[in-house]
1. For the stretch A:227-282, give me each residue that is of a type in the set (Lys, Arg) and out of contact with any strand residue (DSSP E or B) (no Cβ under 9 Å at 6 or more places or on another chain).
2. Can B:His302 be described as within 14 Å of chain A (Cβ to nearest Cβ) and buried (at least 21 other Cβ atoms within 10 Å of the Cβ)?
3. Within the stretch B:328-341, does at least one residue satisfy the condition of being within 14 Å of chain A (Cβ to nearest Cβ), surrounded by fewer than 21 Cβ atoms within 10 Å (Cβ to Cβ), at pLDDT 50 or above and in a helix (DSSP H, G or I)?
4. Can you tell me which of B:Lys294, B:Lys287 is farther than 13 Å from B:Gln266 by Cβ, assigned by TED's automatic domain parsing to the domain that holds B:Asn272, out of contact with any Pro (no Cβ under 8 Å at 6 or more places or on another chain) and without any contact (Cβ under 8 Å) to a residue 24 or more places away in the chain?
5. Taking the conditions exactly as written (small (Gly, Ala, Ser) and in contact with a Pro (Cβ under 7 Å, 6 or more places away or on another chain)), does B:Ser143 satisfy them or not?
There are 2 protein chains.
Amino acid sequence: MHAPDFLEHKPLDPDSIQPQFLFPLNWTRSLLDRGTHPLHSPPSAFQPPLCLLFEVPDHQVAGHQAGHGHPGPLIDDSGRFYKPLQDDDRGAIEAAFYSSFSSNTRVPDRIRRFFPVFYGTKLLEASDGSGQWPHLVLEDVVSGLSHPSVMDVKIGSRTWYPEASEDYIQRCFMKDRKTSSLCLGFRISGLQLYVSEESGLWKPERKLVQHLSADEVRVVLKKFVSSNSPIDPNLNPDCSFASSVYGGSSGILAQLLELKSWFEDQTIYHLNSCSVLMVYDKKKELKGESSDAKVKLIDFAHVTEGNGIIDHNFVGGLCSLIKFISDILTSPDECTTKACLQNSDNNNEEILTGQKIHSIIAVHVIMLFQVMGRKIICLKRKERAWKEMPMATPELVT
Amino acid sequence: MHAPDFLEHKPLDPDSIQPQFLFPLNWTRSLLDRGTHPLHSPPSAFQPPLCLLFEVPDHQVAGHQAGHGHPGPLIDDSGRFYKPLQDDDRGAIEAAFYSSFSSNTRVPDRIRRFFPVFYGTKLLEASDGSGQWPHLVLEDVVSGLSHPSVMDVKIGSRTWYPEASEDYIQRCFMKDRKTSSLCLGFRISGLQLYVSEESGLWKPERKLVQHLSADEVRVVLKKFVSSNSPIDPNLNPDCSFASSVYGGSSGILAQLLELKSWFEDQTIYHLNSCSVLMVYDKKKELKGESSDAKVKLIDFAHVTEGNGIIDHNFVGGLCSLIKFISDILTSPDECTTKACLQNSDNNNEEILTGQKIHSIIAVHVIMLFQVMGRKIICLKRKERAWKEMPMATPELVT
């Protein structure tokens, strides 16, 4: 693919930008070419504390994780998130995007807050022990939240873009059709919900949440803001926190609408394959405290230039997500369908809860899916069959 | 593909709808199966005058025209447009859509006005003389306009839909990528501009207008509301009528925004491959009279059910068109690039003007495209090259 023009920019004028955004782009390119270029620290104004303790984050719900020859992200205790640059164009594009975006005076402050703060890049020992690796240094968006509930929603019915390679286009094209993206205009890429002190976090397998139907997505979006257990099939999501997390003048819906108004007008960037991250602290909600629900955009490895055209693919998908959330606020009791989150390949579910209920749940999930196998496959293949079948499809029997 | 549910509806309850919308849908199906079912008049309340004079419309800019075994549309002098039903699922779907939409009480009146009034169906002698053929009887949206300027804009970066056949999907997928659809979120499907009494109408070849770049579309949208000649390469579009046609509380932009607000919320229909028709009477504008600029949605042969999801593909494309028009209103002088409307296959242009300038224009077009051949092909293949080349690419020398 053609590199977007913002990759070709000359080093930024240090007088025109804030020091922490000083980041010459040609340097990024050499960093990526690890075989031939010496690795050295970036001339960034960002100076981390001397004795930082890096660790693997607990709350990553989607995106590239450690394994298969590339390292995973790290966090420190000062609220920073270290994302290893991907070792092809994607890494260069994402670094260039952050640099361009950070210094772009056409981006209003009301919009800038929806993007992680960018502190530059840094060479760090990779999380997989493979040696020094360049990392983007970003704001850790869940820092400070003791029990974050997090949902990663990849926006757009299309995750590819005209300038991409034919091979990439075909792969994305097939995946968009197989997952929820094509039908819904977005897909849930990953998810974790705080359940309780005893049960810990509920983190359905990513492969499952990517393939949900409209009804299932509706249920998951309700579970995200409910006080009762997301894993009890006999409980309908009570949507207790819908008004405080999704609603209100500073809730998630208001933030998404603010973003939408900008995307209807901005023609600078096309955020292909980018995600909206929705985050709040359920434990605070349970205590009656403000949970500081927030929206952040993440994953910019496929950003292209807008060239005077709005990102209509992003706008359409965002509007669809907004409609789902808006419906929950206006009619929280509608649609009592329960989400299945089934996996037709291995009929399994990844539960990151506490100790006790692990094995009980696992056994019941397997039994349940064995019994329901045919029905579930039928549901997947013919979404219309939802209308003719009982909606109370239990997902887990505890 | 699965027929949408609205095709399976029982005949509409005559007490619940206005008489002119009475139209049992199962009858449509038998009409389409011309080989085995007797053709008869629909039991519609619509009764046309006894002595109607049918003629082929002058102002159709896109859509199926007569030829290749299917008849074209007809109009009469009472303001009605007769669209022959397509002889496969498409005809049945379009008839069913009009019937469903006409009687759907969830569609607000403020939105209903953007759709042609539907009067039922009627058997008529086909325009190609092939015998009796079922026609949709619709409002003729340019009736009453002596010199209509018309633009047909097919909305959506994707004209296919998940339920379609694989063959159809692949054909649309390729066409969306080759035309403006993928990049812009819409493509101009056809266009006619009134030039003057002497020159008549300017009607660029449809194949050309479908492939315009963003800059070219911007110019065409300016030409659409300009008083000076669209075919003189030395004239920049003056956008004289931008404020009265696009702007104002009842102008085209306001109408598109009204539509957008509905599409952000409605989950009844997905209007795949549907067009926005923009129409006004330039001659009235030249006289200083109101031109009654209007927006109509047309072409519903690929409508599917929304199933609780907004038509995010339509919303995205509509937002993109809105942005183009909005930019013209706020910055009419920006971007002086002239549209080429070139055809790399036959280097020709269809000009529906008066008598005198036909041959002169044709000769110059051919000469011009011969000279510019390489440059034009280059422009098509690498849109980015626009930035590096002189923008004043003349399209016609008169």
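The values are calculated or read from the model by the stated rules, or taken from the named source; none is laboratory data. Note that the coordinates shown come from a computational prediction; the quantities given were computed from them, not determined experimentally. Methodologically, a virtual Cβ is constructed for each residue, glycine included, from the backbone with ideal geometry; neighbour enumeration extends over all protein chains shown.
1. To start, the set of residues in the stretch A:227-282 that are of a type in the set (Lys, Arg) comprises A:260, A:282.
Scanning the stretch A:227-282 gives a single hit, A:Lys260.
2. Numbers: within 14 Å of chain A (Cβ to nearest Cβ): no; buried (at least 21 other Cβ atoms within 10 Å of the Cβ): yes.
When the stated conditions are applied, B:His302 does not pass them.
3. Yes, the conditions are met somewhere in the stretch B:328-341.
4. B:Lys287
5. Taking the combined requirement at face value, the residue does not satisfy it.
Okay, residues lined up against (1) part of a strand (DSSP E or B); (2) more than 10 Å from chain A (Cβ to nearest Cβ); (3) modelled with pLDDT of 95 or more; (4) buried (at least 23 other Cβ atoms within 10 Å of the Cβ):
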site	(1), (2), (3), (4)
B:Met151	yes, yes, yes, yes
B:Thr159	no, yes, yes, yes
B:Arg171	no, yes, yes, no
B:Lys175	no, yes, yes, no
B:Leu182	no, no, yes, no
B:Arg187	yes, yes, yes, yes
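Matching residues to (1) over 14 Å from the mean Cα position of the chain (by Cα); (2) within 28 Å of B:Phe241 (Cα to Cα):
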residue: B:Ser146; (1), (2): yes, yes
residue: B:Asp152; (1), (2): no, yes
residue: B:Glu163; (1), (2): yes, no
residue: B:Arg171; (1), (2): yes, no
residue: B:Arg177; (1), (2): yes, no
residue: B:Ser180; (1), (2): yes, yes
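Per-residue answers, yes or no, for (1) touching a strand residue (DSSP E or B) at 6+ places or on another chain (Cβ under 6 Å); (2) within 14 Å of chain A (Cβ to nearest Cβ); (3) assigned to a helix (DSSP H, G or I); (4) surrounded by fewer than 24 Cβ atoms within 10 Å (Cβ to Cβ):
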| position | (1), (2), (3), (4) |
| --- | --- |
| B:Lys284 | no, no, yes, yes |
| B:Ile309 | no, yes, no, yes |
| B:Val315 | no, yes, yes, no |
| B:Ser326 | no, yes, yes, yes |
